[in-house]
Amino acid sequence: MLRFGFDHFGPADVFTAIDAPTPVPKPGQVLIDVLGFGLNPYDASLRRGEQADSRPLKFPIVPGTDVVGRVAALGEGVSDYAVDDRVLNYRPIGGYSEAVTASTGKIAKVPATLELAAAAGLPNIGIAAYTVMHQLLHLTPGQTLAVIGASGGVGSLIVQLAKAQGLFVIATASARNVAALRDLGADEVGAYDETDTGRLFADRADAVVNAVAGGVDHGAAVAIVKPGGVIVTTAWVDVDTTGKPTITHLQLGANRPAKAEDALPALLALPQLRVRVAKTLPFTLAGVIQGHELLETHHTAGKLVVLRH
Ligand SMILES: NC(=O)c1ccc[n+]([C@@H]2O[C@H](COP(=O)([O-])OP(=O)(O)OC[C@H]3O[C@@H](n4cnc5c(N)ncnc54)[C@H](OP(=O)(O)O)[C@@H]3O)[C@@H](O)[C@H]2O)c1
């Protein structure tokens, strides 16, 4: 079977096609015939060698945390899945493959209403959004959450999870995405490129999530959070809280991610779950390289997904 990986660190074109034996599912696992996989900034960071010290891996390295596919075989003891079920899988690595094995705790059935590309883009950003809402924040219905970068992959899922929890949601993004944020269910929306959203929503939120890629929010999070409130950043950034010393800053990456078996079913149960897909690419070496070149631009609106058909 075909996999896409690299045997040294480098730019996007460091990828090669690798021929590998099809894995055999162990007890409690299924074999998944991969129909598509999502590309994430973390994959590009692995490829550039930035994770080499914190996570030493043997070459060839095959990235890929997000997979959607069809169950092709069952390992011993698996009874809650059947051959041909469409599933998604959140995995530590190795998703850029024609076939993978996965424990049943790391997979979930894909509802018929969810398109393949959306399913392929969901696991990584979904686990991040779920971790923020269920492990870092402990808000109760009626409280106010502000989401900065609400049009992005993580931000748009946080808006949906927050509305499902009965929160009042303030959302900010660029003006071209204001209608999309209303459509997601945000109660109040601000365009950061037309107005000073920090001033517009000053001291309104019990908690603020800054889900802007790279974390730059121009001070909006501190302005919007109430004194004594919480700011969560999904990127590794510092927050200057000297203007409001009673606020707490939590970093997503400093916390253990939520378990896939908790997060994936909760995400898939969201009414009208929406995952924004920026571009689908072919399941070829050229497709993977082009996807990684696009990852480097940081300017795609939504997920990059490789689809097999
Ligand atoms: N630790 C983890 O486990 C984990 C997992 C996943 C992601 N992350 C991190 O989370 C961050 C978000 O990832 P993502 O994939 O959701 O990014 P994304 O899809 O690129 O979304 C970011 C959004 O931020 C908006 N934005 C940019 N500048 C803004 C500003 N000043 N005010 C308000 N909105 C602004 C953009 O919207 P417009 O186009 O409307 O400007 C964009 O849609 C990244 O830093 C990523 O590395 C962490």
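Quick notes on this one:
- Placing +1 on each Lys and Arg Cβ and -1 on each Asp and Glu Cβ, with no other charges, gives the range 126-254 a dipole about its Cα centre of roughly 200 debye.
- Altogether, the Stokes-Einstein calculation at 4 °C and 1.567 mPa s, with the Kirkwood radius of the range 1-153 over Cα pairs as Rh, returns a diffusion coefficient of 77 µm²/s.
- Ranking Tyr42, Gly142, Thr241 by how far each Cα lies toward the positive end of the dipole of the chain (charges on Cβ) leaves Gly142 at the top.
- Whole-Å distance, taken between Cα centres, linking the range 19-39 and the range 232-309: 23
- Efficiency of FRET between Asp196 and Asp7 - r from beta-carbon atoms, R0 45 angstrom, step 0.05: 0.35
- Label point distance in nm, Ala269-Ala72, each placed 7 Å from Cα along Cα→Cβ: 3.2
- What you get for the range 1-151, charging only the Cβ of Lys and Arg (+1) and of Asp and Glu (-1), is a dipole of about 260 debye around the Cα centre.
- Label-point separation in nm, Arg48 to Leu285, each point 7 Å along Cα→Cβ: 2.4
- Residues Phe201, Phe9, Phe4, Phe283 arranged by fewest to most Cβ contacts within 10 Å: Phe9, Phe283, Phe201, Phe4
- Directionally averaged projected area (the chain, Cα convex hull): 15.6 nm².
- Positive-end residue of Ala179, Pro25, Gly291, charge dipole of the chain with Cβ unit charges: Pro25
- Length gained on full extension, Asp187 to Asp262, computed as 0.36 nm times the residue gap minus the Cα-Cα distance: 24.3 nm.
- Using just its DSSP H runs of length 4 or more, each adding -39500 (n - 2.57), the chain gives a mean residue ellipticity at 222 nm of -7000 deg cm²/dmol after division by all residues.
- Compared with the dominant principal axis of the Cα atoms in the chain, helix 153-164 is inclined by about 70°.
- Listing Lys26, Lys259 from fewest to most neighbouring C-beta atoms within 10 Å gives Lys26, Lys259.
- The label-point distance for Ala20 and Thr246, in a model that sets each label 7 Å from Cα toward Cβ, rounds to 5.3 nm.
- Applying 1/(1 + (r/R0)^6) with r as the Cβ-Cβ distance of Ala301 and Asn255 and R0 = 35 angstrom yields a FRET efficiency of 0.85.
- For the range 126-254, share of DSSP beta bridges that run antiparallel, in % to the nearest 5: 0
- Neighbour-count order for Tyr42, Tyr130, Tyr96, fewest beta carbons within 10 angstrom listed first: Tyr42, Tyr130, Tyr96
- Charge dipole of the range 178-225 (Cα centre as origin; +1 on each Lys and Arg Cβ, -1 on each Asp and Glu Cβ, all else neutral): 60 debye, rounded to the nearest 20.
- For the range 126-254, fraction of C-alpha pairs farther apart than 19 Å, in %: 38
- Of the beta bridges in the chain, as assigned by DSSP with both residues counted there, near 55 percent are antiparallel.
Every number here is computed from the coordinates shown, using simple stated rules; none is lab data. Keep in mind that this is a model prediction, so the values were computed, not measured. Every residue, glycine among them, receives a Cβ derived from its backbone with ideal geometry; neighbour counts consider all protein chains shown.
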